[in-house]
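All remarks here apply to the structure that follows.
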Number of protein chains: 4
Amino acid sequence: MINVGVLGATGAVGQRFVQLLANHPWFELTTLTASERSAGKPYGRVVNWRVDAPFPETVADRIVSPTTVEAVKDLDIVFSALPADIAKTLEMDIADAGVIVCSNASSHRMDPKVPLLIAEINPEHIGLIDLQHDSGRDGCIVTNPNCSTIMLTSSLAPLLPLGISGVTVATLQAISGAGFDGIPGMAIFDNVIPYIGSEEEKMESEPKKILGTFNGAEIEPASFPISASCNRVPVIDGHLMSIWIDADYGVAEAKNAFARWRPPFSGLPTQPEETLHIFEEPDRPQTRLDRNRGNGMTVSIGRIRDGIRYTAMGHNTIRGAAGSSVLNAELLKTKGYI
Amino acid sequence: MINVGVLGATGAVGQRFVQLLANHPWFELTTLTASERSAGKPYGRVVNWRVDAPFPETVADRIVSPTTVEAVKDLDIVFSALPADIAKTLEMDIADAGVIVCSNASSHRMDPKVPLLIAEINPEHIGLIDLQHDSGRDGCIVTNPNCSTIMLTSSLAPLLPLGISGVTVATLQAISGAGFDGIPGMAIFDNVIPYIGSEEEKMESEPKKILGTFNGAEIEPASFPISASCNRVPVIDGHLMSIWIDADYGVAEAKNAFARWRPPFSGLPTQPEETLHIFEEPDRPQTRLDRNRGNGMTVSIGRIRDGIRYTAMGHNTIRGAAGSSVLNAELLKTKGYI
Amino acid sequence: MINVGVLGATGAVGQRFVQLLANHPWFELTTLTASERSAGKPYGRVVNWRVDAPFPETVADRIVSPTTVEAVKDLDIVFSALPADIAKTLEMDIADAGVIVCSNASSHRMDPKVPLLIAEINPEHIGLIDLQHDSGRDGCIVTNPNCSTIMLTSSLAPLLPLGISGVTVATLQAISGAGFDGIPGMAIFDNVIPYIGSEEEKMESEPKKILGTFNGAEIEPASFPISASCNRVPVIDGHLMSIWIDADYGVAEAKNAFARWRPPFSGLPTQPEETLHIFEEPDRPQTRLDRNRGNGMTVSIGRIRDGIRYTAMGHNTIRGAAGSSVLNAELLKTKGYI
Amino acid sequence: MINVGVLGATGAVGQRFVQLLANHPWFELTTLTASERSAGKPYGRVVNWRVDAPFPETVADRIVSPTTVEAVKDLDIVFSALPADIAKTLEMDIADAGVIVCSNASSHRMDPKVPLLIAEINPEHIGLIDLQHDSGRDGCIVTNPNCSTIMLTSSLAPLLPLGISGVTVATLQAISGAGFDGIPGMAIFDNVIPYIGSEEEKMESEPKKILGTFNGAEIEPASFPISASCNRVPVIDGHLMSIWIDADYGVAEAKNAFARWRPPFSGLPTQPEETLHIFEEPDRPQTRLDRNRGNGMTVSIGRIRDGIRYTAMGHNTIRGAAGSSVLNAELLKTKGYI
């Protein structure tokens, strides 16, 4: 078994990591870190479990560690659910200490030597890890993209070979994206908030790196422009988006590309049967009905029509965060990095 | 006083008409029509009042009429909240009988001789009424656009002089737009439905007629293409939309155009102080906080930024339906048509 | 394998039956009935699947039968999700034809010879089936109680030996209790409706039969009065209730009774590990966080305090309907009735 | 005009005070206090206005004062929306300085010399002010009850002459009761929380003081016991409650008492036409439909039936907080205390 830990295990994304790792066939979840206040106490006592899946009793008595290099330096992998500001230097220190850091934080996503990885979309970017090793780092940092970016970029992959001249996207994002305490009930009930801090910037830059070409030395980013407008809507989980593609092919060709696309590998433990599910029904995907498809790991796509326009939707804290990060780690394992 | 009636007075839009007309300074609400089942009974007994404003007791004892030409032929104006299929011939018959029909139904919006009117945006289209008179009709039909169209088109007006090459719009629409019983709670709770029947078609055609040029004989429609993706979100009232404009000017020019735009007239009873309210705050307009601005008649605009992108929002059953129709009737009065 | 069918398989409770039976270890789901309109077509095509669990593909091609005696007379068991008015005579005819009818309908719950059964609470009432057989019926009808009744009555069972002089209960019930189309979104968003038709009457009578004594010939109902006030609240699934017990013992004794209570048997496939889960936390159970406990079959109880007062909560369409009915059938099997 | 101020003018209740006072016919709102951080800046710049009524522009440029005795000592009245811990000594100091403090804070509600006042229910308790004066205080403190207490107690007043032997109440309370940032969206969406800190204690003690007898020297509290279970439900505004009364009279008598009850005075500016509105409809009051009755100052009562049981509902931040406090001040004015 491979020993793994979760940095920031009591937060919204941290709890998802714990849920996904508690019974993982390859990974043994041995270490849970949290703030000083919680360190030294049993996880079951300090966590306010709010994932709508049963609490994994196997980790109830695990003593919480402080969030330090020392606490995790002997692990094979740590999954990071840390806030960006804390992640910044700590993740580098942990990677330098020889640990593989699979991070959901935004701090290192755009670092030239750090893979910004969606396992089924750009697995070849994993080669950037060698550059980290070459520069003297014993471990490495691998990041997954922003939650909305994952849905958007996964949906763009099948069209990429046909050509993409530009992307316009309006998002309808769930409140869980802001963390458990991120949005007051009074702020979002019966309301739409047409603004999510830094979200549009991420959606307009991250996909270009992910869909860029790795030549062995660096990533040549994709060149098409992306224009995003992000909205918060009153749903618990699931980010839905209306997407337009500037393209010189027709709907039939686009539909065909979606229908034929297959991920480059299959069978990893956290990988869903369908990376993309294509709906023919005129009114799908819908957030509540489809977010749990493939245990929350499938990105659902529908309403492909002239424009080229379509709708994409996925579970923001599973496919859009913890689940994608765990899948990245599984890919690293199959590629011999662990 | 001008005698007016409401066709279909017990439905969602019908109740809004009654609310807006019960204490109108110019119009005397004398006639309320509904289905055969309700006809002959006091309005206060048959209506299931669900507008979140107090029931106007002055109409409680008014006996409901059947929805027929006979019932309204002696009125000056009828406001129609009828379903499109019923409105189709009945509104023509009523207009032929000499009554001004201000209709919220979609049936006649695209008729070449029928004004599709947003009072402050294209008041000159009112001249189409003369063509109806010329063709032998004693009364006339005047329509207001689809709810989402009203918000979108009102927001386009200031930019029109600068040039619009294309419009892309994603909507986040309230459940009241489907009527009281239109959407089951189970269907929309904690959910987004990325489809609203016929809505995109309306949004892609109606604005071009409204922003078209009237040369005295017909409307030359605006030529830019519109691409709409419509989503239903779990809010009660208020349609918000993310809008992109293809344009060759910059944000500063666009902002300037919004800031300087003024409606061509002011002071009508149902007209708000501001037809458009321009927000500088980065996170406004918000649906719940801003939908009642100007008694629900103001269209709020914000987040104007490069792209050109912005957000528009308005109250769908007031500015987007009954309120705009009443304002149209007020304009007709000032123009001498009543 | 035991051949089973579902009557009314396309509705809200019918879909839950299908979900629970599609992969049942003892029961083979061979027959799905629906209205004439759907009969003759594949289930996967006529059902609008709205359970938030994946559609069981194994039944997708099953041809839907009409809801008749003929269609199900060769089955061992049918589960009925029919409306009460249709269930009334049809369930009797099917039972007369030799089939065991496990019904969620209210029609026969108070029939003197029909068990009103919560498997873990009053399994001995199953003996009423013999009276049905004695009266010449080849099959039998077994009913489960109203959804709110199940939560309330399950929570009363541990206290019954200590004595119950009276029960006062206020419910906060989910919208799924009214079926998929039962409550318009406009009616329940941001709202509480303090009325649910016939619900209070059921809650005030059914628990007395369930907690009554079966002497081999009839049920002597429990004698304490129940006073219920039922409210609909804007949550999807899960009925929560505030309960007061008139009693002459203290909180410590009541807590002790809850802590020690165990169901009279264990290990049935649909039975949860805990029939009752007792919370010590001051703010639990909560509807969204706890409704899926025990796959939706556990009734959660908390806030036991002087009064005697406490809070109970359970999943209304699983423990409160289809799940309890399937568990009843499992009990019948172990008792040799199948 | 009478000069008034608001302590804590930027919070949820503070904003309601500002809304109700900005155009008050008797009171001139001259002073707005907030934390040190906001002091010295214009109110319109520091307040994040979230009341769903238009921001009163007349106070936009008012410079915010620090929350000190010095800032308000020359006013006639201050309305306090302070947290209980800050209110404790500061309100006493302000009252000692000669100002009338109308407080929504809980700190002094149970002080023997402080009126706990619902203007139409126990106006004679105002006499306690004389005891404060006698003890050397130049001003005085007058409090209004907890929000849920106001609805409950107002509904009990008509029954008091018939006799009340006990009260059982389950509440369904809105999220605005916890302040703007009180409850995270993730915590309350699609959920019921069966616990509100200190709420049950307040509901079980405050009504007895309010309905007690003032003999000129002290309040003899009402003697009946109250048992409350408080639940938070996902609605924005409006507290609804299911109430049971232990009584030896019948429903007809109770209904009669409700129908005949009238407040002891009428015509104060903030007083609604109906202090209590009695519904005959079987499914009213409903939270969203009825909370704004009487500008949010009417308590709605319905479903009076055997038990004696009924439902009561009112707007928690208007009748349940700021509105009741302003009405108390108006009563003081008519009684010559200002």
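The values are calculated or read from the model by the stated rules, or taken from the named source; none is laboratory data. This is a predicted model, so every value here is computed, not measured. Backbone-built Cβ (ideal geometry, glycine too); neighbour counts: all protein chains shown. Side chains are part of the model used for accessible areas, which takes the heavy atoms of the whole protein and leaves out ligands, DNA and RNA. Shrake-Rupley method; radii C 1.70, N 1.55, O 1.52, S 1.80 Å.
Across the identical copies, the label point of C:SER266 (7 Å from Cα in the Cβ direction) is separated from its matches by 4.1, 6.7, 7.8 nm, in order from shortest.
Within the protein assembly as shown, what whole-number % of the accessible surface is contributed by carbon and sulfur, with the 1.4 Å probe and all protein chains included in the calculation? Can you show the working numbers first?
Working: 21590 of 46430 Å².
Here carbon and sulfur together make up 47 percent of the probe-accessible area.
In a simple Cβ point-charge model (Lys, Arg +1; Asp, Glu -1; nothing else charged), chain D has a dipole of about 560 debye relative to its Cα centre. The B-A contact accounts for roughly 3100 square angstrom of buried accessible surface, both chains included, probe 1.4 angstrom. Going from the isolated chain to the complete set of protein chains, the stretch A:227-242 loses at least 50 Å² of heavy-atom accessible area (1.4 Å probe) at A:SER229, A:PRO234, A:ILE236.
Between B:ILE141 and B:VAL101, the built amide H atoms are under 5 Å apart, and every one of these is 5 or more places off in sequence or on another chain.
Just checking the output field for B:278-285: average partner chain Cβ neighbours within 10 Å of each residue's Cβ?
On the way: counts 0, 1, 0, 2, 3, 7, 3, 3.
Per residue, the number of nearby Cβ atoms from other chains is 2 on average.
Of the residues C:HIS133, C:ILE278, C:ALA228, the one whose Cα sits farthest toward the positive end of the charge dipole of the stretch C:129-282, with +1 on the Cβ of Lys and Arg and -1 on the Cβ of Asp and Glu, is C:ILE278. Remark: the stretch B:278-294, residue by residue, has Karplus-estimated 3J(HN,Hα) of 9, 8, 9, 4, x, 10, 10, x, 10, 4, 6, 6, 10, 5, 8, 4, x Hz, where x stands for each Gly or Pro and the curve is 6.51 cos²θ - 1.76 cosθ + 1.60 at θ = phi - 60°.
From the helices alone, meaning DSSP H stretches of at least four residues, give me the mean residue ellipticity at 222 nm for chain B, per-run term -39500 (n - 2.57), in deg cm²/dmol to the nearest 500.
-7000 deg cm²/dmol
In order along the stretch D:171-187, the phi-based Karplus estimate (6.51 cos²θ - 1.76 cosθ + 1.60, θ = phi - 60°) of 3J(HN,Hα) comes to 9, 10, 9, 7, 6, 5, x, 9, x, 4, 10, x, 10, x, x, 4, 7 Hz; Gly and Pro are listed as x.
Over the stretch B:147-315, what is the relative contact order in percent, taking alpha-carbon pairs closer than 8 angstrom and at least six residues apart? Don't skip to the end; give the middle numbers.
Details: 320 pairs, mean separation 47.5, N = 169.
Across the stretch B:147-315, relative contact order equals 28 percent.
Around the Cα centre of the stretch D:165-207, unit charges on the Cβ atoms of Lys, Arg, Asp and Glu (plus for the first two, minus for the last two) sum to a dipole of about 80 debye. Computed from phi, the 3J(HN,Hα) profile of the stretch B:41-51 under the Karplus parametrisation 6.51, -1.76, 1.60 (θ = phi - 60°) reads 10, x, 4, x, 8, 8, 7, 9, 5, 10, 6 Hz, with x in place of Gly and Pro.
Relative to the dominant Cα principal axis of chain C, helix C:323-334 is inclined by about 80°. Here C:ASP134 yields copy-to-copy label distances, from shortest upward, of 7.8, 9.0, 9.2 nm, the label point defined as 7 Å from Cα along Cα to C-beta. Going down the table (D:LYS73/D:LYS333; D:LYS73/D:LYS209; D:LYS41/D:LYS73), which pairs top 23 Å between alpha carbons? Cα-Cα > 23 Å for D:LYS73/D:LYS209; rest within. Ranking B:GLY314, B:ALA178, B:ALA259 by how far each Cα lies toward the positive end of the dipole of the stretch B:147-315 (charges on Cβ) leaves B:ALA259 at the top.
Quick one: compute the contact order of chain B, relative version, from alpha carbon pairs under 8 angstrom and 6+ residues apart, as a percent. Don't skip to the end; give the middle numbers.
On the way: 755 pairs, mean separation 58.3, N = 338.
17 percent.
When the other protein chains are added to the chain by itself, burial of at least 30 square angstrom of heavy-atom accessible area (probe 1.4 Å, ligands and nucleic acids ignored) affects these residues of the stretch A:30-58: A:ARG50, A:ASP52.
Might you tell me the accessible area per residue for the stretch A:147-315, computed with a 1.4 Å probe and given in Å²?
Details: 5550 Å² over 169 residues.
Solvent-accessible surface per residue comes out at 33 Å².
For C:GLU28, nonlocal amide neighbours, meaning residues 5 or more places apart or on other chains whose placed amide H falls under 5 Å from its own, are C:ILE2, C:ASN3, C:VAL4. Shown for B:PRO225: label points 7 Å from Cα along the beta-carbon vector, and their distances to the equivalent points in the other copies, 1.7, 7.3, 7.5 nm in ascending order. Relative to the dominant Cα principal axis of chain D, helix D:199-210 is inclined by about 90°.
Only counting protein heavy atoms at a 1.4 Å probe, give the residues of the stretch B:188-216, ordered by number, whose accessible area falls by 10 Å² or more when the other protein chains are present relative to the chain alone. Relative to the lone chain, where solvent access is computed with a 1.4 Å probe, the stretch B:188-216 loses at least 10 Å² at B:PHE189, B:ASP190, B:ASN191, B:VAL192, B:ILE193, B:PRO194, B:TYR195, B:GLU200, B:GLU204. Counting only Cβ charges, +1 for Lys and Arg and -1 for Asp and Glu, the dipole size of the stretch A:226-338 around its Cα centre is about 260 debye.
Would you grab the residues whose amide H sits under 5 Å from the one on A:LEU82? Only those 5+ places off in sequence or on another chain, please, with H modelled 1.01 Å from N. So A:LEU82 has HN proximity to A:ASN104, A:ALA105. Separation of the stretch B:152-206 from the stretch A:25-76 is 46 Å, based on Cα centroids. Once a ≥ b ≥ c are taken as the square roots of the eigenvalues of the Cα gyration tensor of the protein assembly as shown, is the result rounded (a/c under 1.5), prolate (a/b larger than b/c) or oblate (a/b not larger than b/c)? It comes out rounded by the Cα gyration axes.
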